[in-house]
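Just so you know, all these numbers are worked out from the coordinates, no wet-lab data involved. Predicted model only: the values in this text are computed from it and were never measured. No Cβ is skipped: glycine too gets one built from the backbone with ideal geometry, and neighbour counts run over all protein chains shown.
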Amino acid sequence: MSEKTLFAFKSTSAQDEKLKEVIAKYKDVPGALLPVLQEAQGIFGYLPIEVQQSVADGLGISLSEVYGVATFYSQFSLTPKGEHRISVCLGTACYVKGADKILAELEKKLGITSGECTPDGMFSIDSCRCVGACGLAPVMMIDDEVYGKLTPDQVGKIIDSYIEKGGKSV
Amino acid sequence: MTLEELNRIKQEHEKIVQVREIVASEGEKLAKETGYRKQVLVCGGTGCTSSGSKKVLDALHKSLKDNGLEDEILVVRTGCFGLCSLGPIMIVYPEGAFYSQATPEGVQRIVKEHLKEGNIVKDLLYKETVHTDGSIISLSETDFYKKQLRIALRNCGVIDPEDINEYIAVDGYQALAKALTTMTPDDVINEITASGLRGRGGGGFPTGRKWSFAKASVNDVKYVCCNADEGDPGAFMDRSILEGDPQCIIEAMAIAGYAIGAHHGFVYIRAEYPIAVQRLQIAIDQARSMGFLGKNIFGSGFDFDIEIRLGAGAFVCGEETALMTSIEGHRGEPRPRPPFPAVKGLFGKPTVLNNVETYANIAQIILKGSEWFTSMGTPTSPGTKVFALGGKITNVGLVEIPMGTTLREIIEEIGGGIPNGKKFKAAQTGGPSGGCIPAKHIDTPIDYDSLIKLGSMMGSGGMIILDEDTCMVDIAKFYLEFTVDESCGKCTPCRVGTRRLLQILDKITKGKGTMEDLDKIEELAKHMQLSSLCALGQTAPNPILSTMNYFRDEYIAHIQDKTCPAAVCKALKKYEIISDKCKGCTLCARNCPANAITGKVKTPHVINQDKCIKCGVCMNNCRFRAIEVH
């Protein structure tokens, strides 16, 4: 398997219980795999191989089928994400307004590239295609907060505000 | 639910909504009858929510309470008004006062001065709505709205999308009632066919024909699907309709179900649109509880229900067969056609799949008739089209125009022109499947056929305006990067072809391309168009072909002169110090991360081109504008 998880996966029994409930809810629904994986990612934050195996067993399908779907869609992640998930919109409207410079500044500031997570687990960066806030281009999202009409020099301050809140250093 | 009950609910609620449509003087009288002196509409679409409309709404509620006004003023959270770059947007009726870029502080003034004391806060209004003599002009008279004709967006920004009664007040579910109680399924299909409505998702296939094929397929189980997997980056029409008027999609899907004989519908919607998903679910629940979905709708014996399925971030799932494979719970890969979905679609059953905006036109066509619809637009493209106007344009937002409106009207009048005095270079339509329309074709009327003739396509409605600072080779590369990412990998022409095209473009933008590369692009593109399995691969070369067609000189500049005329492609950029302007302050040399700048204090400096990493730090730091890039 090419996608290695950085940390050993450990789940709580509450999480396992929740996953069981989700599988039971969708078991007889046609086309259940996608919604089950979506909810599973909601429970665990990502889809490590152990979770994929539980889904496969629960729905009575092969692990390869689950893995195939989990790796096909960009919404699913096989590696853990940071405590704060940053996504930079690289949709067309943002791109022509310099979103690539925002992403470069973020990568410089955090010392990681798009798709990675900082070693302390605090931030991860991803690029995404259009959050639909084109009126505010260029845009990035940190968790559910949207930052619009960005310029590269604002990026550092925004990240610092999260570091201050979190009390950890990058 | 019966027609009488529907009309009773309509009567009960229609005055409240009419206040938002009638001129101020009459509106005031009407407002009194509704029990609310004034109404405040706040946009709760994604654009305005991102710019803080939630905080504005909270501040509004609090301020109304503090001033003891909460019983006389009705607050409504609506969908998108269209002018996203001016968000958060707030509008007060019956005056129709349009406040843009509202802030919690501004709201306090509006509540006190306007809502309480009756004086419109003019300095907070959208400046286009204030006449030079200080009088206020209505929103529909502003440049942005004047040329628009809102059919699909008719209720967006007008009604509360989370209150089905407001939808009923604006003729909601009258079309379904009419279809179920007075028309046969064939009547419905004939009306839609006669209207000439074409698929708004991009392909432009006649909707009525699609429905008639699905009706002709004999099967106990059929499905109606709605494609809300709006993947074209920069397009957000469908999202805005679902956020602003979700009931109209439900009504249209039920009509489609009746027409083809289906009892079950699926809406496949992007998970990236949480607000739209939430409002659609609320709308479905409300429609169900009032009997517009479920068994025996309007006592006609027709049963219909709808389920939401979330996409998971795959552009290819906007292709109809891939979308159905995804609903079935698999990797969203397309299937060969035929068999077409109308014969063998979702779960192997006959299926009709239409785009959100297509559905948004259906109820109006059933109610007002096909002749009304064909009276708008052009003979081969009747009706209107919604565009998400973005990029280098003053009024970024959502516009709905009659087909046949020229690009010039969209850019110069509705869009307010190009900001910062820059020159218009091209408009990109159709996203990664489309192409660009250069400045010389600015007077082209926008409809399906003229866009195809220009080598672009309607697409779902993203329209990105590019100015002189945009490099056309870079834009083509941007779209190819997108299709390489999003190619599902099932067929070779697309999987390998997109990658090869990108490699060639990458070479060109680094100054390493050759003139033969241009021929190679054309040959490869031809094969991809002919042999890819689905539209993604077939149309992937379009952004390159169309930019090569209209801006070949830019490609040649990259290849032969090793320059990027728009100074975008990093490898070809050259920073130079203009010695006349350089004061020798040494700021650039001290800040250069590559130590590429040399020179003595108070004498002009020089950039060593071999060492320069083209980061632009020198230019950003220079106080004398002595550094230029070309």
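What angle do you read, to the nearest 10 degrees and between 0 and 90, between the alpha-carbon axis of helix A:13-26 and the longest principal axis of chain A? It is inclined by approximately 70 degrees. So how tilted is helix A:63-72 from the main axis of chain A? Cα-based, degrees 0 to 90, rounded to 10. On a 0 to 90 degree scale, this one is about 20.
Across the protein assembly as shown, Cα-Cα pairs farther apart than 44 Å form 29% of the total.
Relative to the current alpha-carbon distance between B:ASP285 and B:ASP519, full extension at 0.36 nm per residue lengthens the span by 78.6 nm.
Sort the stretch B:3-146 into rounded, prolate or oblate with this rule: let a ≥ b ≥ c be the square roots of the eigenvalues of the Cα gyration tensor; rounded if a/c is under 1.5, and if a/c is not under 1.5, prolate when a/b is larger than b/c, oblate otherwise. Rounded shape, in that the Cα axes give a/c under 1.5. Only helices reaching 18 angstrom along their own axis (Cα) with mean Kyte-Doolittle hydropathy no lower than 0.5 count here, and for the DSSP H runs of chain B these are B:246-260, B:356-368. Between the exposed loop cleavage positions of chain A, defined as trypsin sites (Lys or Arg not before Pro) in a non-H, G, I, E, B DSSP state with at most 12 neighbouring beta-carbon atoms within 10 angstrom, the longest gap is A:28-170.
Remark: mean inter-chain Cβ contacts per residue of A:85-94 equal 6, using a 10 Å Cβ-Cβ cutoff to other protein chain atoms. The string of couplings for the stretch B:450-463 from the Karplus curve (6.51, -1.76, 1.60, θ = phi - 60°) is 6, 5, 4, 4, 7, x, 10, 7, 4, x, 7, x, x, 9 Hz, one whole number per residue in order, with x for Gly and Pro. Treat chain A as a sphere of radius equal to its Kirkwood radius over Cα pairs and apply Stokes-Einstein at 20 °C in a medium of 1.002 mPa s; give the translational diffusion coefficient in µm²/s, rounded to a whole number. Approximately 123 µm²/s, per Stokes-Einstein. Across the alpha-carbon atoms of the stretch B:374-492, the computed radius of gyration and Dmax are 14.7, 46 angstrom. Determine the calculated [θ] at 222 nm for chain B from helices alone, applying -39500 (n - 2.57) to every DSSP H run no shorter than 4 residues and normalising by the residue count; nearest 500 deg cm²/dmol. Calculated mean residue ellipticity at 222 nm is -11000 deg cm²/dmol.
Straight-line reach from B:LYS423: which aspartates and glutamates fall under 17 Å, measuring Cα to Cα and dropping same-chain residues less than 8 apart? Excluding near neighbours in sequence, the set is B:GLU409, B:GLU412, B:GLU413, B:ASP443, B:ASP467, B:GLU468, B:ASP469, B:GLU554. For the stretch B:164-374, the number of Lys pairs separated by eight or more positions or lying on different chains, with C-alpha atoms closer than 27 Å, is 20.
Of the two radii for the stretch A:37-88, the radius of gyration is 0.99 times the Kirkwood radius, both from the alpha carbons; that is the Rg over Rh value. Each DSSP beta bridge with both residues in chain B is either parallel or antiparallel, and the antiparallel ones are about 55%. Once the mean of 1/r is taken over each pair of separate Cα atoms and inverted, chain B shows a Kirkwood hydrodynamic radius of 26.6 Å. Dividing the summed -39500 (n - 2.57) terms of all DSSP H runs of n ≥ 4 by the residue count of chain A sets its mean residue ellipticity at 222 nm at -14000 deg cm²/dmol.
Distance between the 7 Å Cα→Cβ label points at B:GLU117 and B:ALA271: 5.2 nm. Charge tally around B:LEU524: other residues with Cβ under 11 Å, Lys/Arg +1 each, Asp/Glu -1 each, net 0. What angle, in degrees between 0 and 90 and rounded to the nearest 10, separates the Cα long axis of helix A:152-166 from the longest principal axis of the Cα atoms of chain A? So the inclination is approximately 50 degrees.
In this structure the amide hydrogen of B:LYS562, modeled in the peptide plane, comes within under 5 Å of no amide hydrogen from residues 5 or more places off or on another chain. Checking the cross-link pairs A:LYS10/B:LYS490; A:LYS97/A:LYS157; A:LYS10/A:LYS157; B:LYS392/B:LYS477; A:LYS149/B:LYS510; B:LYS392/B:LYS562 against a 23 Å limit on the alpha carbon distance flags A:LYS10/B:LYS490; A:LYS10/A:LYS157; A:LYS149/B:LYS510; B:LYS392/B:LYS562 as lying beyond it.
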